[in-house]
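The values are calculated or read from the model by the stated rules, or taken from the named source; none is laboratory data. Please read all numbers here as calculations on a predicted model, not as lab measurements. All Cβ positions, glycine included, derive from the backbone under ideal geometry; neighbour counts span all protein chains shown.
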Amino acid sequence: MKTLLDKIDSPADLRRLSRAELPALAAELRQFVLNTVSQTGGHLSSNLGTVELTVALHYVFNTPHDRLVWDVGHQTYPHKVLTGRRDRMHTLRQLGGVGGFPRREESEYDSFGTAHSSTSISAALGMALAAKLKGEDRKAVAVIGDGAMSAGMAFEALNNAGVSHAGVLADLLVVLNDNDMSISPPVGALNKYLARLMSGQFYAAAREGVKGVLKAAPPLLELARRLEEHAKGMVVPGTIFEEFGFNYVGPIDGHDLDSLIPTLENLRSRRGPQFLHVVTKKGYGYKLAEADPVKYHAASGKFDPAEGFPKSLPSKPTFTQVFGQWLCDMAEADARLVAVTPAMREGSGMVEFHKRFPQRYYDVGIAEQHAVTFAAGMACEGLKPVVAIYSTFLQRGYDQLIHDVALQNLPMVFALDRAGLVGADGPTHAGAYDIAFVRCIPNCSMLTPSDENECRQALTTAFRQNHPVAVRYPRGAGVGAAIDPALTVWPWGKGVVRKQAPVRADARGGRRLAILAFGTLLHPALEAAERLGATVADMRFAKPLDTELVLELARSHDGLVTIEEGCLMGGAGSAVLECLAAAAVTVPVLQLGLPDRFVEHGEVAKLHAQCGLDAPGIERSILQRFGSRPALAAVNS
């Protein structure tokens, strides 16, 4: 027997259901999402919390004609199920499968690609005004969480949305999905009544009529406006959004379809900027996730829904854990250390630091620009800030990195987690560009440790400097290197040779090839070098580059290979080429790194193989460039 969900291949099918059938559909959808994530991994709490909201939005609005933009997008699994991707959800976040975030190329229902937060209102506003310009009658809806609302870009968009553009107001609905507070008494029956009243035509007409009468007496109009604001402010927190020019409605229960649907229907017929505040609960309907939404934010792999996430077994420490331990140890050693994060305490491994050093821990919310300049202010006062930030998110604070940090040459450490490919989260979260965009900034340095122990040493080395230094390291575990608990400092700007190829026995002497590895790809490079008989250097520093080592290897080898898990243009390989050009040294150079395209989601090992960055791929590229193994001796002849 078919379930209700089995009958839904598009939102048009959903809209054919009766209102009475929707609660049962929501229950089936929630169970389907839970079952899917238990088999594929992925975001869980946020998706369970948006089931009813997703059903209501697609039921009321004529998607995809009406545009629906999901902020961040890690809560769109129910949306994907209802928009024709139910039968492919078993491929979620796998190579060639359904993406974990909205993607325009994946479905016409994904109006805008999102994964970094706080972009939805700007995008939806652009869509709404484009519709006006083209004479199209369509609505644009932005769904944004309370965390994403903390970013400056969201408020920039609100400020722009509430004003007319050449006399035209955008038909825009912003839905604030507030899942950080309990459903308190104001969200009960009285507030539901007020929400439906304020979103309805009678209230709107009466309000505009009174305004028309009072326009003849401006002082009375201003008094009426203030009385309305304060009266609403006693029961709703919407005054700030009214000041931006929005009609504010809510807060309402985001799990109550009998409240959501009529309110959305009223707002759909309203013109101009509308703001709906809904309150939801992360993990709703799954008791384990409701009890611990942070733990159940995302599943790293398969689990039994009845049992919950399995207890983690002892394994190799991740780079994130290495950073977290180093942060605590360095804080013990140096009272100047303060730690700053833009809302990534768990993801960046800072839970223990927060517990042990609460006065020296600063979570500034989803506000990367603010995080960088806030830390710069601390550095100006003699503290030593460590900004823990994903590589992909430092891109959002790039202007601040240049103008507020580097230009003033402030002593700060940027701990760049998730450098390189990140697997299932895909191209929106990959750290592909940090070497290139940090390396080109004066006063900034970039360290590229190759394993867990080097990561700890690189962080210590960076902290001991008196200028901005970034340390990049990947997601997950490394090779399992033993970690020295000492706070060891490297010789500044110096790499080390890890494998020395034998000198050729022919008349020319010298060696065949030298591989210059930046970061954790050192290890597949070493494996490839064993088969090729090549020298391997662990360069450690992308900036300052160890130019002495580069030139020594160039003069004693017939060819060089650079390898990095980052973009090639402007990356560490480019630094090597610049060094050789400046010294007028001519030697063949092969650059290996991430291709000039966005690498899709999938298992990291498979992605490395696809990009030719595993040991067989490295060997294959070298042989293609320099010829067969016997011919390598004559590379430069």
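Can you give me the ranges of the helices (runs of 4 or more DSSP H) entirely in region 377-467 with at least 1 residues that are farther than 24 Å from Glu600 by Cα and of a type in the set (Ser, Thr, Tyr)?
Of the helices (runs of 4 or more DSSP H) lying wholly inside region 377-467, those with at least 1 residues that are farther than 24 Å from Glu600 by Cα and of a type in the set (Ser, Thr, Tyr) span 452-463.
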Would you please list the contacts, defined by Cβ atoms under 6 Å and residues six or more apart or on different chains, that run from a residue in region 130-146 that is touching a residue at least 12 places away in the same chain (Cβ under 8 Å) and surrounded by 14 or more Cβ atoms within 10 Å (Cβ to Cβ) to a residue that is basic (Lys, Arg) and not in a strand (DSSP E or B)? Ala131/Arg138
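Yes or no, residue by residue, for (1) modelled with pLDDT of 95 or more; (2) out of contact with any Asp or Glu (no Cβ under 8 Å at 6 or more places or on another chain):
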residue: Asp292; (1), (2): no, yes
residue: Lys295; (1), (2): no, yes
residue: Gly308; (1), (2): no, yes
residue: Asp334; (1), (2): yes, yes
residue: Gly347; (1), (2): no, no
residue: Ala388; (1), (2): yes, no
For region 328-363, name all the residues that are crowded, with 19+ Cβ neighbours inside 10 Å and of a type in the set (Val, Ile, Thr). Val338, Val340, Thr341
Flag for Ile435 being closer than 20 Å to Gly152 by Cβ, crowded, with 19+ Cβ neighbours inside 10 Å, within 20 Å of the chain's Cα centre (by Cα) and assigned by TED's automatic domain parsing to the domain that holds Ala331: no
Looking for something more than 19 Å from the chain's Cα centre (by Cα), under 22 Å from Phe598 (Cα atoms) and not hydroxyl-bearing (Ser, Thr, Tyr) - is there at least one such residue anywhere in region 114-122? no
Kindly list the number of the only condition in (1) closer than 25 Å to Ala430 by Cβ; (2) among the hydrophobic types (A, V, I, L, M, F, W, C); (3) surrounded by fewer than 20 Cβ atoms within 10 Å (Cβ to Cβ) that fails for Val496. (1)
I'd like the full set of residues that are buried (at least 17 other Cβ atoms within 10 Å of the Cβ) and over 32 Å from the mean Cα position of the chain (by Cα), limited to region 609-624. Glu619, Ile622
When the residues of region 310-332 are filtered to those that are out of contact with any Phe, Trp or Tyr (no Cβ under 9 Å at 6 or more places or on another chain) and part of a loop (DSSP other than H, G, I, E, B), which remaining residue is modelled with the highest pLDDT? Pro317
Cβ contacts < 7 Å: first residue closer than 20 Å to Leu34 by Cβ, restricted to region 44-68; second residue part of a loop (DSSP other than H, G, I, E, B) and among the hydroxyl-bearing types (Ser, Thr, Tyr), any location; separation 6+ or different chain. Result? Leu48/Tyr284; Leu48/Tyr286; Gly49/Thr280; Gly49/Tyr284; Thr50/Thr280; Leu53/Thr280
On the basis of being farther than 26 Å from Val340 by Cβ, under 25 Å from the mean Cα position of the chain (by Cα) and not assigned by TED's automatic domain parsing to the domain that holds Gly593, does Pro427 make the cut? yes
Condition first: surrounded by 22 or more Cβ atoms within 10 Å (Cβ to Cβ), within 18 Å of the chain's Cα centre (by Cα), of a type in the set (Ser, Thr, Tyr) and not assigned by TED's automatic domain parsing to the domain that holds Glu28. Can you find one or more residues in region 286-297 that meet it? yes
Among the residues of region 297-305, is there at least one that is farther than 25 Å from Gly431 by Cα, of a type outside the set (A, V, I, L, M) and in contact with a Pro (Cβ under 7 Å, 6 or more places away or on another chain)? yes
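Within region 46-68, does at least one residue satisfy the condition of being among the aromatic types (Phe, Trp, Tyr), in contact with a Phe, Trp or Tyr (Cβ under 9 Å, 6 or more places away or on another chain), at pLDDT 95 or above and under 30 Å from Glu136 (Cβ atoms)? Spell out how you get there, then give the answer.
To start, the set of residues in region 46-68 that are among the aromatic types (Phe, Trp, Tyr) comprises 59, 61.
Retained after the next criterion (residues that are in contact with a Phe, Trp or Tyr (Cβ under 9 Å, 6 or more places away or on another chain)): none.
The answer is no; no qualifying residue exists.
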Which of the following residues is closer than 24 Å to Ser574 by Cβ and not assigned by TED's automatic domain parsing to the domain that holds Cys567: Val422, Val387? Val422
Note down all Cβ pairs under 6 Å where the first residue falls in region 518-537 and is surrounded by fewer than 22 Cβ atoms within 10 Å (Cβ to Cβ), the second is assigned to a helix (DSSP H, G or I), and they're at least six residues apart or on different chains. Pro524/Ala615; Pro524/Ile618; Glu527/Ala615; Arg531/Glu619
Of the residues Ser164, Ser150, only one is free of Cβ contacts under 8 Å to residues at least 12 places away in the same chain, under 20 Å from Glu243 (Cα atoms) and of a type outside the set (Phe, Trp, Tyr); which? Ser164
Please specify each residue of region 538-549 satisfying the condition of being more than 37 Å from the chain's Cα centre (by Cα) and buried (at least 24 other Cβ atoms within 10 Å of the Cβ). none
Hey, Val175 at pLDDT below 90, β-branched (Val, Ile, Thr) and assigned by TED's automatic domain parsing to the domain that holds Arg138 or not: no
Can you name the residue in region 86-97 that is within 23 Å of the chain's Cα centre (by Cα) and over 13 Å from Gln39 (Cβ atoms) and, of all such residues, is surrounded by the fewest Cβ atoms within 10 Å (Cβ to Cβ)? Gly96
Taking Ala299 as the residue in question, decide whether it is small (Gly, Ala, Ser) and without any contact (Cβ under 8 Å) to a residue 60 or more places away in the chain. no
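Considering only residues that are within 23 Å of the chain's Cα centre (by Cα) and in a loop (DSSP other than H, G, I, E, B), look in region 469-493 and name the one that is nearest to Val438 (Cα to Cα).
Ranking the qualifying residues of region 469-493, first place goes to Tyr473.
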Take the residues in region 233-272 that are surrounded by fewer than 17 Cβ atoms within 10 Å (Cβ to Cβ) and not in a loop (DSSP other than H, G, I, E, B); name whichever of them is modelled with the lowest pLDDT. Gly233
Within region 106-128, identify whether any single residue is over 27 Å from Glu368 (Cβ atoms) and surrounded by 24 or more Cβ atoms within 10 Å (Cβ to Cβ), and answer yes or no. no
Could you pull out the residue among Gln400, Gln408 that is crowded, with 20+ Cβ neighbours inside 10 Å and either more than 17 Å from Val364 (Cα to Cα) or touching a His at 6+ places or on another chain (Cβ under 9 Å) (or both)? Gln400
Residues (among the aliphatic types (A, V, I, L, M) and touching a residue at least 40 places away in the same chain (Cβ under 8 Å)) located in region 559-577: Leu560, Val561, Ile563, Met569, Ala572, Ala575, Val576
Quick one: in region 1-35, of everything that is over 17 Å from Asn62 (Cα atoms) and among the charged types (D, E, K, R), which residue is farthest from the chain's Cα centre (by Cα)? Lys2
It is to be established whether one or more residues within region 416-439 are over 28 Å from Asp596 (Cβ atoms) and touching a Phe, Trp or Tyr at 6+ places or on another chain (Cβ under 9 Å). no
